[in-house]
Amino acid sequence: MKKLLIAVLLVAVMAVPAFASVQNVKVSGDLTTKWAVRSEFNLGAIGNPGSTKQNMNDFISYTRVRIDADLTDNVSTTVRLLNERTWGNETSGTSTADENIDVDLAYVQLREMLYSPLTVTIGRQELFYGNGFIIGGNGPNNQTVGALNVDGLKDLSMRRSLDAVKAVFNYDPLTIDMFMAKVADTHRGFNIADKNDDIDLYGFNANYKLSDKWNTVAEAYFFAKEDKSSDALATTEKSDRVYVPGFRVSTNPIKGLNLQGELAWQRGVDYLATSTRSATREAMGGQFIASYLLPFQKTAKYEPVVAYAYTYASGDKDATSGYGDKNKAWDPMFERVSSGKIYNAIFNLTNVHVNELSFSMKPVQDLTTKLTWAMLTLDKKLNDATWTPIDSTMGTYAVKSDKRDLGNEVDLDLTYAYTEDVSIGMSAGWFMPGNVFSDNNNKVATQLLTSMSVAF
């Protein structure tokens with residue numbers, strides 16, 4: 001906390017010479033305390049880390065301070081500082097990672113640059129398109145690049161920003177976004193002269209609001225990721241490339257009903273960490289979302305909403321062999337869907353069908369409740385007797401190659417608006433492994449997340 005206060009003072013001191021041109025300054029932020037209790041996230045795996053049970057019981061503090069300044073000539077700047085840490089772990093030997101203060105946002109925005117429809121944003125910023133199915137954070141499954149790098153808690157980070165340049169053309173009702181982001185500048189082996197070892201992200205998104213009575217919105221996009229961070233690729237001009245064209249539609253055909261559909265394809269080349277052998281990417285993914293505010297007059301005060309979401313990410317029956325053939329496994333890219341769910345923390349968004357049904361309501365004023373059931377099945381059967389989850393510290397799962405039932409998850413979420421500025425939340429989840437897992441991995445994974453947030 002001391003470092004955070006010093007950093008805020010430094011920002012204020014550095015802003016002194018610019019006071020003459022500052023039109024308005026706004027300071028805001030939020031404080032969140034979360035208690036995370038997780039059990040059996042390795043589903044009882046006997047492999048690494050070598051135990052039959054994995055429990056986590058941690059308090060996490062999130063502190064964010066944001067400064068927005070409006071300057072002259074349609075110029076504004078935004079800086080947000082972030083500290084996220086587990087309680088009692090400020091210093092561990094020579095490591096002080098939990099005391100770090102990250103620059104979460106740091107960008108300048110130029111409105112009406114060159115001509116009125118154009119706005120340019122330069123610096124560290126959040127990129128989010130559609131429902132976050134392709135672009136929504138800085139890492140898949142919310143396993144973000146940030147200070148909260150604790151085993152079993154990586155998906156709970158608030159850090160989602162990327163260093164990018166974004167141009168927005170507003171031709172109402174058409175809005176066009178174009179951006180370039182530097183995901184990683186690795187300088188592998190401390191070779192500063194090597195310019196071919198980075199991970200870059202490019203994107204184009206066109207959003208059009210139709211003037212119909214259904215408030216229909218249509219989007220078309222093209223995203224591209226170029227990855228040369230592998231040691232094998234560094235010595236060549238080759239790179240691992242993912243090209244993602246797609247579209248999304250949102251409409252409201254009747255009062256209270258919203259329908260959304262998204263479909264995307266992945267093309268490119270997968271070098272699979274080698275410089276001599278490659279596979280052609282031919283993957284597909286998509287989402288369908290429907291939510292309906294029940295129209296019954298007697299229940300209107302409870303605001304009951306029924307929702308269904310289907311998510312599909314294609315798989316490959318043999319992603320580890322057949323070099324030179326097709327790789328049909330979906331690359332999660334930088335998605336941010338299903339945050340806070342158990343299956344999101346332990347599985348990659350690939351080779352899966354997710355059917356999710358939920359019901360939410362407000363039983364009393366200021367209290368929102370939500371019950372969610374998710375069913376997960378594999379797109380293609382596994383071709384091995386073991387499976388390593390996204391977080392390898394969870395252990396190595398023992399699996400069956402002739403089954404597809406991945407499992408079911410039930411989540412109960414409660415959110416209480418204590419005041420306009422303070423909210424209290426609770427989320428309880430249970431993941432029941434399916435028949436894909438062997439007897440060594442049939443333990444039910446559970447979690448309890450409670451939090452209190454204060455915004456200022």
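If a residue must be in a loop (DSSP other than H, G, I, E, B), of a type outside the set (Lys, Arg) and either over 30 Å from Gly29 (Cβ atoms) or within 22 Å of the chain's Cα centre (by Cα) (or both), how many such residues does segment 398-448 contain?
Step one: list which residues in segment 398-448 are in a loop (DSSP other than H, G, I, E, B), which gives 400-404, 418-421, 434-436, 438, 442-444.
Those left that are additionally of a type outside the set (Lys, Arg): 401-402, 418-421, 434-436, 438, 442, 444.
Filter again for either over 30 Å from Gly29 (Cβ atoms) or within 22 Å of the chain's Cα centre (by Cα) (or both), leaving 401-402, 434-436, 438, 442, 444.
The total comes to 8.
Every residue in segment 288-312 that is of a type in the set (Gly, Ala, Ser) and without any contact (Cβ under 8 Å) to a residue 40 or more places away in the chain, please. Step through it out loud before you land on a result.
Residues of segment 288-312 of a type in the set (Gly, Ala, Ser): 290-291, 300, 307, 309.
Listed by number, the residues that qualify are Ala290, Ser291, Ala300.
Cβ separations smaller than 6 Å between residues 6+ apart or across chains give the following pairs from segment 153-175 residues that are in contact (Cβ under 8 Å) with a residue 60 or more places away in the chain and of a type in the set (S, T, N, Q) to residues that are crowded, with 16+ Cβ neighbours inside 10 Å and part of a loop (DSSP other than H, G, I, E, B): Ser157/Thr144; Ser157/Gly146; Ser157/Leu148.
Among the residues of segment 227-266, the one identified as at pLDDT below 95, open to solvent by 40 Å² or more (accessible area, probe 1.4 Å) and touching a Phe, Trp or Tyr at 6+ places or on another chain (Cβ under 8 Å) is Lys238. Among the criteria (1) under 20 Å from the mean Cα position of the chain (by Cα); (2) under 30 Å from Phe222 (Cα atoms); (3) surrounded by fewer than 20 Cβ atoms within 10 Å (Cβ to Cβ), the one Met333 does not fulfil is (3).
Of all residues in segment 161-179, exactly one satisfies the criterion of being buried (at least 16 other Cβ atoms within 10 Å of the Cβ) and among the aromatic types (Phe, Trp, Tyr), namely Phe179.
Among the residues that make up segment 274-282, is at least one of them modelled with pLDDT of 95 or more and in a loop (DSSP other than H, G, I, E, B)? Please lay out each step first, then the result.
Of all residues in segment 274-282, those modelled with pLDDT of 95 or more come to none.
No, segment 274-282 contains no residue that is modelled with pLDDT of 95 or more and in a loop (DSSP other than H, G, I, E, B).
Within segment 74-84, the set of residues being without any contact (Cβ under 8 Å) to a residue 40 or more places away in the chain, in a strand (DSSP E or B) and open to solvent by 40 Å² or more (accessible area, probe 1.4 Å) comprises Thr77 only. In the set Val422, Val436, Val410, only one residue is free of Cβ contacts under 8 Å to residues at least 40 places away in the same chain, over 23 Å from Asn57 (Cβ atoms) and in contact with a strand residue (DSSP E or B) (Cβ under 7 Å, 6 or more places away or on another chain); that residue is Val422. Does segment 417-441 hold any residues that are of a type outside the set (A, V, I, L, M, F, W, C) and surrounded by 16 or more Cβ atoms within 10 Å (Cβ to Cβ), and which are they? The answer is Ser423, Gly425, Ser427, Gly429, Pro433, Gly434, Ser438, Asn440, Asn441. The lone criterion from (1) at pLDDT 95 or above; (2) among the β-branched types (Val, Ile, Thr); (3) assigned to a loop (DSSP other than H, G, I, E, B) left unmet by Val337 is number (1). Summed over segment 160-197, the residues that are at pLDDT 80 or above and either in a strand (DSSP E or B) or under 26 Å from Asn351 (Cα atoms) (or both) give a count of 22.
Taking segment 48-73 only, how many residues are assigned to a loop (DSSP other than H, G, I, E, B), touching a Ser or Thr at 6+ places or on another chain (Cβ under 7 Å) and either modelled with pLDDT of 90 or more or over 26 Å from Asn89 (Cβ atoms) (or both)?
Taking segment 48-73 as the starting set, the residues that turn out to be assigned to a loop (DSSP other than H, G, I, E, B) are 48-54, 71-73.
Now narrow it down to the ones that are touching a Ser or Thr at 6+ places or on another chain (Cβ under 7 Å): 48-49, 71-72.
Then drop every residue that is not either modelled with pLDDT of 90 or more or over 26 Å from Asn89 (Cβ atoms) (or both), which leaves 71-72.
Number satisfying all stated conditions: 2.
Filtering segment 338-379 to residues that are open to solvent by less than 20 Å² (accessible area, probe 1.4 Å) and of a type in the set (Val, Ile, Thr) leaves Ile342, Ile346, Val352, Val354, Thr372. Of all residues in segment 236-271, those satisfying the criterion of being in a strand (DSSP E or B), farther than 16 Å from Ala313 by Cβ and either in contact with a Leu (Cβ under 8 Å, 6 or more places away or on another chain) or among the aliphatic types (A, V, I, L, M) (or both) are Asp240, Phe247, Val249, Ser250, Thr251, Leu257, Leu259, Val269. Kindly evaluate Ile122 against the criterion of being within 20 Å of Asp185 (Cα to Cα), open to solvent by 40 Å² or more (accessible area, probe 1.4 Å) and modelled with pLDDT of 90 or more. Yes: the conditions hold for Ile122. With respect to being basic (Lys, Arg), exposed (fewer than 15 other Cβ atoms within 10 Å of the Cβ) and modelled with pLDDT under 65, Lys26 falls outside the description.
Scanning segment 391-414 for residues that are closer than 20 Å to Asn55 by Cα, charged (D, E, K, R) and either open to solvent by 40 Å² or more (accessible area, probe 1.4 Å) or at pLDDT 85 or above (or both) yields Glu409, Asp411.
The values are calculated or read from the model by the stated rules, or taken from the named source; none is laboratory data. Small disclaimer: the values here were computed from a predicted structure and weren't measured. In this analysis, Cβ positions are derived from the backbone assuming ideal geometry, glycine residues included, and neighbour counts consider all displayed protein chains. These area figures cover heavy atoms from the full protein model, side chains too; ligands, DNA and RNA do not enter into them. Shrake-Rupley method; radii C 1.70, N 1.55, O 1.52, S 1.80 Å.
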